[in-house]
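A short write-up of the structure that comes next.
The values are calculated or read from the model by the stated rules, or taken from the named source; none is laboratory data. Keep in mind the model is a prediction, meaning the values are calculated, not measured. Cβ: placed from backbone, ideal geometry, glycine included. Neighbour counts: every protein chain shown.
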Amino acid sequence: MSRKNPIANSGQRGYGGGIVTDDPRANLEKLIRENGHDFAALSKMLGKNPAYIQQYIRRGSPKKLDEDDRRRLAEFYGVDEGLLGAPAVRQSSSKGRKASDGLLRIKQLQVGASAGPGSLADDEYAESMGFAPKWLRRLGTDPANLSLIVVDGDSMDPTLGDGDDIMVDHSASSRPLRDGIYVLRMDDVLLVKRIAMGPSGKLTIRSDNPQYPDWDDVKPESVNIIGRVVWTGRRL
């Protein structure tokens with residue numbers, strides 16, 4: 001998705017220099033087009049099938065957005081929920097909720113990505129963490145492609161420590177690899193390691209902690225890339 005978001009959360013019933021209508025479908029479509037987004041990406045952000053937003057806008061199915069979906073879209077674009085069809089009572093409660101939260105939730109994987117011996121992957125989500133939508137957009141990736149994983153072990157010290165939260169961009173798994181820190185799966189083990197591309201096209205998989213071994217000349221097809229680490233948070 002584009003980083004551009006010219007819509008101000010000013011409380012005014014207008015955006016992008018246009019006139020806001022009483023039709024929440026028309027308002028949502030205007031928001032999407034002014035920001036250079038597409039229906040399928042927004043649907044994915046909400047955890048829906050790719051046609052969800054298009055069917056809502058063009059076919060009127062569903063007749064109205066689910067409350068949680070409407071709230072997330074309003075927070076993402078920085079507008080009142082009323083523009084997207086929230087009743088007056090819901091608008092009032094939404095404003096109070098946004099003042100104390102107003103965050104976009106990123107899901108957190110229950111399992112840790114091992115930075116030591118390794119741990120088996122488990123694709124269930126345990127909880128989520130809130131981030132400001134504007135901050136997430138600065139990462140240059142669709143928030144729907146992000147998840148949080150806890151580092152397990154010390155093989156990436158001092159860059160990443162045991163218990164650190166890392167944010168993973170899963171869209172990197174479908175793009176050409178470049179040097180960086182990745183979460184990957186090898187032999188059913190979920191790992192966080194530094195990857196470097198060799199001139200032969202093979203990979204070098206390294207641990208930042210010199211006490212742990214590296215793997216050289218690894219065939220790319222033997223590695224399942226889960227995503228690229230784009231942010232980390234840690235306790236001091």
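Here are the numbers for this structure:
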read-out: Filter result (among the charged types (D, E, K, R) and surrounded by fewer than 21 Cβ atoms within 10 Å (Cβ to Cβ)) within the range 38-70; value: D38, K44, K48, R58, R59, K63, K64, D66, E67, D68
read-out: Pair list, Cβ < 7 Å and 6+ apart or interchain, from the range 185-197 residues that are in the same structural domain as I149 (by TED's automatic domain parsing) to residues that are part of a loop (DSSP other than H, G, I, E, B) and of a type in the set (G, A, S); value: R185/A121; D188/A121; V189/G118; L190/A121; L191/G118; V192/A115; K193/S207
read-out: Residue match in the range 208-215 (condition: assigned to a strand (DSSP E or B) and under 23 Å from S147 (Cβ atoms)); value: no
read-out: Of the criteria (1) within 21 Å of the chain's Cα centre (by Cα); (2) buried (at least 16 other Cβ atoms within 10 Å of the Cβ), which one D157 fails; value: (1)
